[in-house]
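Below is one structure; the comments refer to it alone.
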Amino acid sequence: MKALLFTCLLVPWLVAASARTSDQDSQLIPGSLSGRELSGYFSNHLKSRRARRALPPADEPDDTPVKEEGDTSDLPTCLLCVCLTGSVYCEEVSPDMTSVPTLPKETAYLYARFNKIKKISTKDFADIVTLKRIDLSGNMITEIEDGAFAKLTLLEELSLAENQLVKLPMLPSKLISFNANHNLLKTKGVRANAFKKMTRLVNLYLANNQLEAVPFIPDSVRILHLQNNNITEVNINTFCRSNDTYYLRPSLSEVNMDSNPVLLSKNPDSFICMKVLPIGQYR
């Protein structure tokens with residue numbers, strides 16, 4: 001009975017003492033945190049350490065070379081140009097762009113108009129076999145190496161308008177549209193079979209050059225621009241075939257030969273296979 005009474009008195013006293021000790025400990029440790037608060041503290045502390053570790057030491061010098069103003073030699077193409085998915089726009093680039101830029105591997109469409117590109121070499125497009133359209137209009141191109149477009153088996157549209165070409169390179173056979181308006185092309189600068197294998201060619205623009213004769217025109221061509229050249233003659237073999245009176249060219253729907261010396265009415269049989277007469281001088 002005494003033992004039970006002793007136990008009943010001792011237990012409450014121990015509980016009260018424990019509570020007082022806990023309160024004293026909290027007072028002895030300023031800013032003590034609950035379990036939830038402690039967890040948050042360590043989380044924030046770790047984040048802070050990671051952030052400090054990512055920064056370079058304050059006492060170490062920055063060895064990154066400083067580029068001079070206007071130096072674009074080491075800049076990626078997509079800092080000089082506008083790169084979208086599969087398309088690169090390098091138009092009127094400043095400082096002057098004098099050569100074809102290095103293109104992303106997946107480039108399908110290149111617009112590099114109105115720059116100062118002077119030459120196209122075989123290495124410019126050697127690794128970009130995905131190209132479908134190239135527009136180099138308004139540059140200063142005087143030379144294109146043969147084979148510059150040799151690996152571009154998907155190329156469908158090529159514009160070299162408003163340059164200074166005196167001869168054409170070998171062209172991809174799958175072209176649908178070719179534009180060489182406003183160059184310095186003479187007949188001797190265009191191979192006799194330059195367009196012969198282009199069985200898909202639809203639009204052929206050779207206006208404002210110095211051609212003395214009409215080149216071979218594939219049957220697939222619909223629009224042909226030859227205005228403002230030095231063409232002096234056409235005959236039955238220019239568009240038709242003297243050995244085939246049944247030969248027709250139903251696809252050829254527009255032929256512009258205006259502002260050439262040739263008198264088109266001189267050989268009326270020259271257009272017998274066509275459904276339209278060329279635009280030009282008849283008298």
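The values are calculated or read from the model by the stated rules, or taken from the named source; none is laboratory data. Treat the numbers as computed from the prediction; the structure is a model and nothing was measured. Every residue, glycine among them, receives a Cβ derived from its backbone with ideal geometry; neighbour counts consider all protein chains shown. Ligands, DNA and RNA are excluded from the accessible area calculation, which covers all protein heavy atoms including side chains. Shrake-Rupley method; radii C 1.70, N 1.55, O 1.52, S 1.80 Å.
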(request) May I ask you to verify whether Lys266 is surrounded by fewer than 17 Cβ atoms within 10 Å (Cβ to Cβ), among the charged types (D, E, K, R) and under 22 Å from Ala148 (Cα atoms)? (result) no
(request) Hey, could you check segment 201-257 for residues that are open to solvent by 10 Å² or more (accessible area, probe 1.4 Å) and of a type in the set (Gly, Ala, Ser) and say which is farthest from Leu184 (Cα to Cα)? (result) Ser242
(request) Within segment 242-261, track down each residue that is over 36 Å from the mean Cα position of the chain (by Cα) and either within 23 Å of Tyr282 (Cα to Cα) or of a type in the set (Asp, Glu) (or both). (result) Ser242, Asp244, Leu248, Asn260, Pro261
(request) Find the strands (runs of 3 or more DSSP E) located wholly in segment 153-249 whose residues include 1 or more that are closer than 20 Å to Thr142 by Cα, and list them. (result) 157-159, 177-179, 203-205
(request) Can you tell me which residue within segment 120-173, out of those that are charged (D, E, K, R) and over 19 Å from the mean Cα position of the chain (by Cα), is least open to solvent (accessible area, probe 1.4 Å)? (result) Glu145
(message) When you scan segment 103-112, do you find a residue that is over 13 Å from the mean Cα position of the chain (by Cα) and either at pLDDT 95 or above or over 19 Å from Leu204 (Cβ atoms) (or both), even just one?
(response) no
